[in-house]
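Asker: First the structure, which I've put down as structure tokens, then a few questions once you've had a look.
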Amino acid sequence: MAASTHLCGLALNSKRIEFGSKVLDFSAHVSPALVFSRNTNQSCRKRALRVTCEAGRVELLERKDSSETFKLNRSEKKMTCVMKFGGSSVASAERMKQVAKLILSFPDEKPVVVLSAMAKTTNKLLMAGEKAVCCGVTNVDTIEELSCIKELHIRTAHELGVGTAVIAKHLEGLEQLLKGIAMMKELTLRTRDYLVSFGECMSTRLFAAYLNKIGHKARQYDAFEIGIITTDDFTNADILEATYPAVSKRLLGDWSKENAIPVVTGFLGKGWRSCAVTTLGRGGSDLTATTIGKALGLREVQVWKDVDGVLTCDPNIYGGAQPVPHLTFDEAAELAYFGAQVLHPLSMRPAREGNIPVRVKNSYNPTAPGTVITRSRDMSKAVLTSIVLKRNVTMLDITSTRMLGQYGFLAKVFSTFEKLGISVDVVATSEELDDVVEELEKIAVVNLLRHRSIISLIGNVQKSSFILEKGFRVLRTNGINVQMISQGASKVNISLIVNDDEAEHCVKALHSAFFETGRA
Ligand SMILES: Nc1ncnc2c1ncn2[C@@H]1O[C@H](COP(=O)(O)OP(=O)(O)O)[C@@H](O)[C@H]1O
Ligand SMILES: N[C@@H](CC(=O)OP(=O)(O)O)C(=O)O
């Protein structure tokens with residue numbers, strides 16, 4: 001660029017700067033230099049520079065005639081991806097060391113690291129809370145789960161060689177909190193969220209301390225301090241829009257001052273009214289990861305688990321499950337919503353909105369390709385992608401008594417569910433259903449059918465006739481009676497309802513037909 005060029009710069013967002021008709025897109029290429037004329041509007045210039053600083057390091061190269069030339073060294077310094085590690089990946093000091101090694105084995109990546117609590121810690125915290133309710137204040141220190149949590153975290157600190165000071169306040173605070181619960185003899189949803197937050201607060205402190213100890217600058221962040229703002233639905237809070245600019249401002253601001261690897265607590269947020277710690281529902285760290293990915297406009301989000309990616313079915317049901325190489329956001333969202341534990345049900349939403357690919361990888365087997373989840377994929381050969389089982393659902397069989405017309409009848413049925421806050425998973429036209437039944441019996445004959453399972457066939461619903469024909473042949477051969485079928489509006493899901501006690505057998509038979517006898 002000529003040093004004398006007169007350009008007027010206008011910063012649009014953290015990725016683009018517009019100069020008249022010229023747009024520099026920092027996500028697409030590394031601009032070798034930026035030129036600002038002396039008489040460029042000062043505030044535009046400052047904003048442009050601030051934005052470039054956020055995107056990477058900017059150096060003043062020269063000051064000539066009427067202009068200044070800056071070098072943008074973005075390719076070296078910009079944060080590139082989110083790497084989220086679940087509880088199984090950070091279960092011990094040994095695992096944390098492996099994870100650190102894994103992160104550092106990608107020298108070109110500048111990740112934001114998101115961590116869950118060390119394996120089983122969340123469950124143990126909840127169990128300790130339940131026990132505290134009825135054990136009496138003086139007995140809190142005998143709660144077995146509290147001892148296990150203390151022992152695990154102290155041992156991990158020693159084995160990582162980071163000292164226990166980084167978690168001492170939290171261990172102390174945890175015991176105090178349990179005494180408070182014992183005193184009050186109650187465990188509210190709000191307190192539950194505060195209680196489980198100790199898990200992620202401690203795992204991230206230990207891990208960041210370890211990275212620093214081995215010479216890689218890292219900085220620990222509590223999600224509720226950096227702008228992950230949520231609804232006040234304790235134990236199942238939803239991310240609010242204000243999160244994205246807040247998180248971006250905080251993380252990019254800190255990064256521009258010092259390139260320390262951010263290590264962020266997954267699963268946690270801050271309720272916008274209460275300002276208290278909230279949680280995003282079990283498995284919520286996946287959602288934290290995609291939220292940060294979207295907020296920072298990163299290249300990809302990696303979720304590192306203990307399986308070789310999203311599999312063709314739950315490996316606990318059938319050991320022969322195989323990794324699925326490619327999924328769309330819609331398929332992954334549907335699969336997660338219908339019960340595949342591998343991803344949080346809402347985690348695909350920010351990824352889809354920000355169009356950020358999500359890669360599901362195995363921290364125990366990092367060379368396995370894993371699953372990549374993107375907006376679209378070649379569906380021409382795709383039939384079934386995965387089979388998901390959701391157990392213990394209740395089916396409501398509702399028959400109109402014809403007191404109302406068809407529209408009025410359906411409207412009344414759905415308004416009843418809405419009023420009672422019950423979600424309906426599958427509709428061909430279930431929690432505490434007694435109130436629903438009482439209400440609906442005014443206009444319908446209602447049958448409650450408990451102990452049912454939903455089997456979701458995730459894949460290319462364009463080929464539904466083929467899927468159903470093949471699926472039903474398998475089920476008929478196995479003597480299984482399907483009680484309801486529903487095709488989801490998402491066009492990637494056909495759901496079948498069967499008896500709970502037949503469901504596992506069904507999944508195995510369907511898996512064998514679709515994935516093993518000639519690839520589907
Ligand atoms: N379709 C599926 N694909 C892969 N894993 C599945 C599937 N369904 C259930 N799972 C279970 O999900 C687990 C991984 O999810 P999760 O425990 O939440 O991981 P992490 O805690 O590491 O984030 C696997 O160990 C597996 O048992
Ligand atoms: N620790 C929380 C949040 C979480 O996401 O965990 P994981 O990534 O291990 O599923 C839980 O157990 O629910």
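The values are calculated or read from the model by the stated rules, or taken from the named source; none is laboratory data. None of the values given here were measured: they were computed from a predicted structure. Note that we place each Cβ from the backbone using ideal geometry, even for glycine, and neighbour counts take in every protein chain shown. In case anyone asks, the SASA skips ligands and DNA or RNA and just uses the protein heavy atoms, side chains included. Shrake-Rupley method; radii C 1.70, N 1.55, O 1.52, S 1.80 Å.
Asker: If I filter the stretch 276-288 for residues that are surrounded by fewer than 24 Cβ atoms within 10 Å (Cβ to Cβ) and away from ligand 2 (no atom under 13 Å from the Cβ), do I get at least one hit?
Answerer: Yes, some residue in the stretch 276-288 is surrounded by fewer than 24 Cβ atoms within 10 Å (Cβ to Cβ) and away from ligand 2 (no atom under 13 Å from the Cβ).
Asker: Another question about this same structure. When you scan the stretch 267-309, how many residues do you find that are within 16 Å of ligand 1 (Cβ to nearest atom) and either closer than 20 Å to Glu225 by Cβ or of a type in the set (Ser, Thr, Tyr) (or both)?
Answerer: Summing the residues that are within 16 Å of ligand 1 (Cβ to nearest atom) and either closer than 20 Å to Glu225 by Cβ or of a type in the set (Ser, Thr, Tyr) (or both) in the stretch 267-309 gives 13.
Asker: Any residue in the stretch 312-323 that is under 17 Å from Phe338 (Cα atoms) sitting within a Cβ distance under 9 Å of a residue that is within 16 Å of ligand 2 (Cβ to nearest atom) and open to solvent by less than 50 Å² (accessible area, probe 1.4 Å)? List the pairs, counting only those 6 or more apart or interchain.
Answerer: What qualifies is Cys313/Ala340; Asp314/Gly339; Asp314/Ala340; Asp314/Val342; Pro315/Val307.
Asker: Let me ask another. Taking Pro315, is it away from ligand 2 (no atom under 16 Å from the Cβ), surrounded by fewer than 19 Cβ atoms within 10 Å (Cβ to Cβ) and of a type outside the set (D, E, K, R)?
Answerer: No, not satisfied.
Asker: Across the stretch 453-483, what is the total count of residues that are open to solvent by 40 Å² or more (accessible area, probe 1.4 Å) and closer than 28 Å to Leu410 by Cα?
Answerer: Count: 5.
Asker: What are the residues in the stretch 206-225 that are open to solvent by less than 40 Å² (accessible area, probe 1.4 Å) and either in contact with an Asp or Glu (Cβ under 9 Å, 6 or more places away or on another chain) or among the basic types (Lys, Arg) (or both), if any?
Answerer: Result: Tyr221, Asp222, Ala223.
Asker: What are the residues in the stretch 172-205 that are more than 16 Å from Val263 (Cα to Cα) and either among the aromatic types (Phe, Trp, Tyr) or open to solvent by less than 20 Å² (accessible area, probe 1.4 Å) (or both), if any?
Answerer: Once the filter is applied, which keeps residues that are more than 16 Å from Val263 (Cα to Cα) and either among the aromatic types (Phe, Trp, Tyr) or open to solvent by less than 20 Å² (accessible area, probe 1.4 Å) (or both), the stretch 172-205 yields Leu174, Leu178, Ile181, Ala182, Asp193, Tyr194, Leu195, Val196.
Asker: Condition first: surrounded by fewer than 20 Cβ atoms within 10 Å (Cβ to Cβ), charged (D, E, K, R) and on the phi > 0 side of the Ramachandran plot. Can you find one or more residues in the stretch 124-141 that meet it?
Answerer: no
Asker: Of all residues in the stretch 289-308, how many are within 14 Å of ligand 2 (Cβ to nearest atom), open to solvent by 10 Å² or more (accessible area, probe 1.4 Å) and not in a strand (DSSP E or B)?
Answerer: Looking only at that region, the number is 2.
Asker: Say we look at the stretch 347-362 and pick out the residues that are open to solvent by less than 10 Å² (accessible area, probe 1.4 Å) and of a type in the set (Gly, Ala, Ser); which of these is farthest from Asp286 (Cα to Cα)?
Answerer: This residue is Ala351.
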